[in-house]
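Any read-out appearing in this document is the output of simple, stated calculations on the displayed coordinates, not a laboratory observation. Every value quoted in this text rests on a predicted model; they were computed, and no experiment measured them. Cβ sites come from the backbone with ideal geometry, for glycine too, and all protein chains shown count toward neighbours.
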Amino acid sequence: MILKIIGKRQVSPEFVIEAQNLSRQFAARGRGSKVIDAVRGISFQVRRGDIVGFLGPNGAGKSTTLKMLCTLLRPTSGRAQVAGCDLLSDPKGVRRRIGYVAQGGATAREATVGLEITSQGRLYGLTTAEARRRGEELLAALDLADVWTRTSGSLSGGQRRRLDIVLGLIHAPELIFLDEPSTGLDPQSRANLWNHIRALRDKNGTSIFLTTHYLDEADALSDRLIIVDKGGIVGEGTSAELKAAVAGDAIALTLRRGDEAATAVRVAEGQQGSHIVAEGNVVRFQVPMAATAWPCC
């Protein structure tokens, strides 16, 4: 792997996140309380320009991991490089280079959209004029060109969620974290938001790390998926790879004669077939990918 040296840092040009054995413990409340291992030494990488979905049930460690990567929680142990900066020694550098869209949103209902955007831009060191120019460009790109003077409270749920993304992108980060981006949206608003998220990657090259409970959302958006449970990674890969590992494709062979079933079973076993069942002249089994293993089917 080629590494670029910046000061004393070694920065990989290939990965925008490199986490190594990240862990986070919490002290439980009450007498005789035990230490809770919210995240248990997870390691993963995110390539630049990818959309990576981070999935898992409630309590799996998703939000804790996200908060560590965004510098909102300090890891108990482990290290990470985020957007070229060391998570522990340079948290300010991480914050300058990332965008974060929280699940609950960050806008004040009584404030105008323009005020929200320019205030956020000023926090990142932009001039008022530069924040307005950048904000208007982002609003137009996310189909919100006519809302500058409206209050945040007057926007629909889908519009407010897109405004949250504008606020997270105002300083042109190379990496944006989206926490449950489509929670509470109707199907049409969700589909529209998905298109905008894809455009961030395709047009701007923005790397995106998102948490979601929706399997269809993860499947539709993500280049790669990371599945966590009980604080650890239990699955990682593309959507197709994970589906093949869990289920694969079912094949049913109907033979001319029942005495050919034994031969079909042996062939299926040789083709990495699993759950093989022979009933008369029909043999049923599963393979990871039918189009590759049995292209004639």
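In the chain, what percentage of the DSSP-assigned beta bridges are antiparallel, given to the nearest 5? That works out to approximately 65 percent antiparallel. A simple spin-label model places pseudo-atoms 7 Å from Cα toward Cβ; at E137 and E110 they are separated by 3.4 nm. The GluC sites (Glu not before Pro) of the range 90-135 that DSSP puts in a loop, and whose beta carbon has at most 12 other beta carbons within 10 Å, are E110. Given axes a ≥ b ≥ c from the Cα gyration tensor, I'd like to know whether the range 110-181 is rounded (a/c under 1.5), prolate (a/b larger than b/c) or oblate. Note, shape of the range 110-181 comes out oblate.
Seen from V282, the other residues with C-beta closer than 14 Å to its C-beta sum to a net charge of 0, counting Lys and Arg as +1 and Asp and Glu as -1.
If you take the beta carbon distance between E236 and T151 as r and set R0 to 45 Å, what does 1/(1 + (r/R0)^6) give as a FRET efficiency, to the nearest 0.05? The pair E236/T151 has a calculated efficiency of 0.60.
Using per-residue counts of other Cβ atoms within 10 Å, averaged over each peptide, order 79-85, 186-192 from highest down.
Values: 79-85: 21.1, 186-192: 14.0.
Highest to lowest by the protection proxy: 79-85, 186-192.
Calculated from DSSP H runs of 4 or more alone, at -39500 (n - 2.57) each and per residue, what is the 222 nm mean residue ellipticity of the chain, nearest 500? Numbers along the way, then the final one.
On the way: 10 runs with 100 residues, N = 297.
Counting only the DSSP helices, I get -10000 deg cm²/dmol.
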